[in-house]
Amino acid sequence: MRIVVVGAGYVGLVSGACLAALGHEVTVVDRDVARVAALRDGIIPIHEPGLDVLVAAQAAAGRLAFSTELSASVPGAEAVFLCVGTPPRPEDGHADMRHVMEAAAEVGRSLDGFTAIVVKSTVPVGTGEEIEARLQALGRPAAFAVVSNPEFLREGAAIDDFMRPDRIVVGTQDARALALMEAIYRPLTEAGAPLVATSRRGAEMIKYAANCFLALKITYINEIANLCEEVGADVEDVARGIGLDPRIGERFLKAGPGFGGSCFPKDMLALMKTAQDHGVPLRSVETAVAVNDARKGEMVRKIIRAAGGSVAGKTIAILGLTFKAGTDDMRSAASLVILPQLMRHGARLRAHDPAGMAQAAPLLPGVAMAPSAMDALAGADLAVILTEWPDFAALDWRAAAATMAAPVLVDLRNLLDPAHARACGLAYHSIGRPLRDAAPAAATPLAAE
């Protein structure tokens with residue numbers, strides 16, 4: 001099929017390349033002239049494993065093209081996927097729908113035959129009906145159907161999530177549009193992916209409900225981690241013990257500095273606002289947002305305690321800046337809250353991230369960027385693992401401890417085994433593990449426990 005994808009951001013670029021890999025003829029449209037020019041030259045604007053290879057392969061096969069002209073790309077397309085941003089509005093927290101509505105209007109003015117207008121952006125419940133009403137008001141003769149088809153892509157694993165999805169959600173009550181969507185995704189459903197057909201409002205609600213539930217799991221395990229430290233339990237054992245229950249599941253039960261990224265924070269805020277507007281406040285979601293916000297301050301206090309009660313004048317090596325490993329995304333990253341607080345307490349910060357330093361540097365003025373993790377650690381009074389990059393788990397921590405001014409490590413992702421860390425000569429502090437002597441092996445006979 002001939003498909004147009006509006007937006008060459010994270011969702012649009014991944015979706016466009018994957019749809020092309022399914023055999024469709026795809027044009028990805030973006031108004032950013034420089035971005036489109038770079039994509040035509042094979043330069044990928046985001047860090048996503050495997051995306052550069054996939055884009056190059058599909059472009060070479062003639063199935064993937066890039067354009068800045070939406071009105072010229074729409075005629076003849078059987079489906080137009082809207083993949084534009086819906087950030088929270090600063091004034092009230094509701095999802096900002098301007099870009100979605102502008103794109104939908106331009107698509108509507110360019111239709112020349114039956115077209116499915118597929119909303120992949122995360123949008124409030126009822127958005128499909130609003131788009132449909134606005135396009136009908138244009139008085140265009142071409143037939144169309146507005147479909148909700150939310151994305152469920154994890155940054156760092158987006159291609160696998162698209163090509164081997166847990167489910168494909170399609171919200172429409174138009175039989176012709178549903179048949180078209182089934183045809184688009186047939187290679188995936190024939191491979192076993194379930195397609196959930198529902199109403200537009202149902203699909204819109206599924207997206208928000210899913211993201212908020214996952215954020216609730218993260219919030220829950222972080223609070224359990226706090227209790228584990230006090231009662232002498234290990235949150236890693238607790239997470240595994242409860243996660244093996246199929247009613248709970250083991251994913252998203254990893255204690256850490258709190259959730260971030262482009263989805264969970266804004267989607268929780270948007271759902272909260274929608275619920276409040278309808279007089280049905282979601283107390284669990286409201287609490288999770290508050291707990292997650294407070295989590296960053298708890299991590300700052302943990303770091304200060306590990307430093308002996310003060311970080312003033314001390315050099316701290318920060319390992320990881322992005323909100324999670326496998327991406328260069330800095331949106332709602334814990335580093336954007338934790339690092340400025342440490343600097344206000346007088347710390348000097350030297351950071352390294354395998355992918356995100358270019359994006360982080362303008363957002364974190366005053367933080368020195370180091371070319372490698374070992375460069376960040378050299379001479380440091382304290383080290384903090386803030387993002388769960390495998391690179392940091394694989395470091396030679398014995399050599400790192402030797403090069404630090406004080407071999408103190410605060411592992412906010414529980415990447416290291418405590419016994420191994422202490423054997424490397426580190427005073428090791430982690431999340432949700434028993435509060436006990438964190439001294440290195442040479443300083444205590446308890447290190448083998």
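The values are calculated or read from the model by the stated rules, or taken from the named source; none is laboratory data. Note that the structure is a prediction, hence the values are computed from the model and not measured. For neighbour counting, all protein chains shown are included, and Cβ atoms are generated from backbone atoms with ideal geometry for every residue, glycine included. Calculation scope for accessible area: heavy atoms of the full protein, side chains included, ligands and nucleic acids excluded. Shrake-Rupley method; radii C 1.70, N 1.55, O 1.52, S 1.80 Å.
Within the range 419-449, the set of residues being at pLDDT below 95 and under 20 Å from N226 (Cβ atoms) comprises R433, P434, L435, R436, D437, A438. Filter the range 304-331 for residues that are outside any loop (DSSP other than H, G, I, E, B) and under 19 Å from K254 (Cα atoms) and give the result. Selection gives L319 alone. Which of the residues that make up the range 205-233 are of a type in the set (V, I, T) and more than 29 Å from H278 (Cβ to Cβ)? Those that are of a type in the set (V, I, T) and more than 29 Å from H278 (Cβ to Cβ): I221, I224, V231. Just to be sure, is K273 of a type outside the set (S, T, Y), surrounded by 15 or more Cβ atoms within 10 Å (Cβ to Cβ), modelled with pLDDT under 95 and out of contact with any helix residue (DSSP H, G or I) (no Cβ under 9 Å at 6 or more places or on another chain)? Yes.
With respect to A210, is the statement that it is surrounded by 14 or more Cβ atoms within 10 Å (Cβ to Cβ), under 30 Å from C18 (Cα atoms) and among the hydrophobic types (A, V, I, L, M, F, W, C) true? Answer is yes for this residue. If the Cβ limit is 6 Å and pairs must be 6+ apart or interchain, which residue in the range 273-296 that is closer than 15 Å to G258 by Cα pairs with which residue that is open to solvent by 40 Å² or more (accessible area, probe 1.4 Å) and among the hydrophobic types (A, V, I, L, M, F, W, C)? The qualifying pairs are A288/L216; K296/V337. Taken over the range 109-145, the criterion of being within 14 Å of L82 (Cβ to Cβ), among the small types (G, A, S) and either more than 31 Å from the chain's Cα centre (by Cα) or assigned to a loop (DSSP other than H, G, I, E, B) (or both) is satisfied by S110, S121.
Of the residues making up the range 332-348, those that are over 23 Å from the mean Cα position of the chain (by Cα), part of a loop (DSSP other than H, G, I, E, B) and of a type in the set (A, V, I, L, M, F, W, C) number 1. The set of residues in the range 24-71 being part of a helix (DSSP H, G or I), under 26 Å from A143 (Cβ atoms) and in contact with a strand residue (DSSP E or B) (Cβ under 9 Å, 6 or more places away or on another chain) consists of L70 alone.
Within the range 386-428, being open to solvent by 30 Å² or more (accessible area, probe 1.4 Å) and under 23 Å from the mean Cα position of the chain (by Cα) holds for E388, P390, D391, A393, R413, L415. Mind checking which residues of the range 342-374 are of a type outside the set (A, V, I, L, M), open to solvent by 50 Å² or more (accessible area, probe 1.4 Å) and either under 25 Å from I218 (Cβ atoms) or at pLDDT below 95 (or both)? Result: P354, Q359.
Sub-7 Å Cβ pairs linking a first residue in the range 177-196 that is more than 15 Å from L19 (Cβ to Cβ) to a second residue that is surrounded by fewer than 13 Cβ atoms within 10 Å (Cβ to Cβ), at least 6 apart or interchain, are P194/R167; V196/R167, ordered by first then second residue. Quick check on the range 224-254: of everything there that is among the β-branched types (V, I, T) and free of Cβ contacts under 8 Å to residues at least 60 places away in the same chain, which residue is surrounded by the most Cβ atoms within 10 Å (Cβ to Cβ)? Among them, the one singled out is I242. Regarding A233, is this residue among the aliphatic types (A, V, I, L, M) and over 26 Å from the mean Cα position of the chain (by Cα)? Criteria met by A233.
For the structure I just gave you, tell me whether T86 is surrounded by 15 or more Cβ atoms within 10 Å (Cβ to Cβ), among the polar types (S, T, N, Q) and under 24 Å from A179 (Cα atoms). When the stated conditions are applied, T86 does not pass them. D267 meets all of the listed conditions (1) open to solvent by 50 Å² or more (accessible area, probe 1.4 Å); (2) under 28 Å from V11 (Cα atoms); (3) touching a residue at least 24 places away in the same chain (Cβ under 8 Å); (4) of a type in the set (D, E) but one, namely (1). Of the residues making up the range 104-128, those that are farther than 24 Å from P265 by Cα, in contact with a Leu (Cβ under 9 Å, 6 or more places away or on another chain) and of a type outside the set (V, I, T) are A104, A105, E106, G108, R109, S110, L111, F114, A116.
If you go through the range 161-174 and keep only what is of a type in the set (D, E, K, R) and either assigned to a loop (DSSP other than H, G, I, E, B) or in contact (Cβ under 8 Å) with a residue 60 or more places away in the chain (or both), you end up with R164, D166, R167, D174. Taking the criterion of being within 17 Å of K302 (Cβ to Cβ) and buried (at least 24 other Cβ atoms within 10 Å of the Cβ), the residues of the range 317-337 that qualify are A317, I318, L319, G320, A334, S335.
The single condition among (1) over 20 Å from T327 (Cβ atoms); (2) modelled with pLDDT under 95; (3) part of a loop (DSSP other than H, G, I, E, B) that T86 does not satisfy is (1). Scanning the range 101-131 for residues that are closer than 22 Å to R2 by Cβ and either open to solvent by 50 Å² or more (accessible area, probe 1.4 Å) or among the β-branched types (V, I, T) (or both) turns up E106, V107, R109, D112, T115, I117, V118, V119, I131. If the condition is being modelled with pLDDT under 90 and open to solvent by 60 Å² or more (accessible area, probe 1.4 Å), then the range 140-161 contributes R140, P141.
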